[in-house]
Amino acid sequence: MRIDLHAHSSASDGTETPAELLATARAAGLDVVALTDHDTTAGWGPAEAARPEGLTVVPGMELSCRWFPIDQPPISVHLLAYLFDPLHPGFAAERSRLRDERLERGQRIVEALAADGYPVHWPEIVARSDGGVVGRPHIARALVAAGVVDSVDHAFATLLDHRSPYYAAKVDTDVREGIALVRAAGGVPVFAHGLATKRGRVVDDDAVAAMTQAGLLGVEVDHPDHSEAERVHLRGLAADLGLITTGSSDYHGTNKTTPIGACTTEPAQFEALLAAGTGSAPYRD
Ligand code: AMP
Ligand code: FE
Ligand code: FE
Ligand code: ZN
């Protein structure tokens, strides 16, 4: 069994439609893939309709959150959510708020770049997102297309980095509130790439313990952005706190170089996750 529990489609910042993503997953020999677009469930219906025979698809999402340390600025944390009820009103309202927030913040970044002469235009970027939830990868692609930078990676390392003068933050969900919403909707909250120091500041063990108190059920241990030492640490922490451990690629199509299935989840951990999710069911044969 090869199980990859974190992948993005064009419903957010991946480059493949949900149907294409599932075909890629099957061609790569996966048995299970989770669709986890940022702040939206818009890909669920198309994924269910296009599911290739033999492939199990777990409906999921990646919620943009923040952890608030006592003595430091907030830290960005991503919360994977699986098998929740997409119609739960409170959770649906929070996703909608986050999508509005993304539009407002994307426009601010792009207009600041344009004001300094960079040839990027917000309406074009929105049009090219094809209805998907806009993120910095869409802005990065526009910068590549305009010849300003030579790759998406280069855009993230320079103009779109969180220390860049053009960067604007979004007002993400307090992670404890996010965890509570996912649980209220019958879902399984899993802390995504929690120790990925290459992405910026990360939370400490006490924060993960507090998140567990708030209802967190799992941590993503095997992730392309985690070093071996970070994985060992997270695995130990998960054992101490009684959390499910997952592994996944965080596939984004050609927006990143990671192939689908680059990291995978153990079947017993997947079974525990399935048993904990009551808000929706996987799509399977
Ligand atoms: P945003 O959610 O708009 O703040 O943008 C962050 C998104 O960009 C996340 O989904 C990351 O997976 C993605 N991302 C971060 N760094 C890179 C990179 N170097 N290349 C491509 N995508 C990236
Ligand atoms: Fe992303
Ligand atoms: Fe993420
Ligand atoms: Zn992701």
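One table, with the values for the structure above:
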quantity: Listing of helices (runs of 4 or more DSSP H) fully contained in segment 119-207 that carry 1 or more residues being in contact with a helix residue (DSSP H, G or I) (Cβ under 9 Å, 6 or more places away or on another chain) and under 26 Å from R231 (Cβ atoms); calculated: 136-145, 152-157, 175-184
quantity: Of all residues making up segment 30-43, the number that are touching a residue at least 40 places away in the same chain (Cβ under 8 Å) and under 12 Å from S10 (Cα atoms); calculated: 6
quantity: Qualifying residue in segment 88-111 (condition: of a type in the set (S, T, N, Q), in a helix (DSSP H, G or I) and within 17 Å of T40 (Cβ to Cβ)); calculated: yes
quantity: Considering residues of segment 68-84 that are more than 14 Å from ligand 3 (Cβ to nearest atom) and surrounded by 16 or more Cβ atoms within 10 Å (Cβ to Cβ) only, the residue modelled with the lowest pLDDT; calculated: P74
quantity: Sole exception among (1) over 15 Å from the mean Cα position of the chain (by Cα); (2) open to solvent by less than 70 Å² (accessible area, probe 1.4 Å); (3) under 27 Å from K198 (Cβ atoms) for V58, by number; calculated: (1)
quantity: Count of segment 272-282 residues which are surrounded by fewer than 14 Cβ atoms within 10 Å (Cβ to Cβ) and assigned to a helix (DSSP H, G or I); calculated: 1
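Per-residue answers, yes or no, for (1) open to solvent by 50 Å² or more (accessible area, probe 1.4 Å); (2) within 30 Å of E111 (Cα to Cα):
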{"position": "D161", "(1), (2)": "no, yes"}
{"position": "V190", "(1), (2)": "no, no"}
{"position": "R201", "(1), (2)": "yes, yes"}
{"position": "D204", "(1), (2)": "yes, no"}
{"position": "A209", "(1), (2)": "no, no"}
{"position": "E220", "(1), (2)": "no, no"}
{"position": "E228", "(1), (2)": "yes, no"}
{"position": "L241", "(1), (2)": "yes, no"}
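The values are calculated or read from the model by the stated rules, or taken from the named source; none is laboratory data. What you see is a predicted model; the values in this text were computed from it and never measured. Backbone-built Cβ (ideal geometry, glycine too); neighbour counts: all protein chains shown. These area figures cover heavy atoms from the full protein model, side chains too; ligands, DNA and RNA do not enter into them. Shrake-Rupley method; radii C 1.70, N 1.55, O 1.52, S 1.80 Å.
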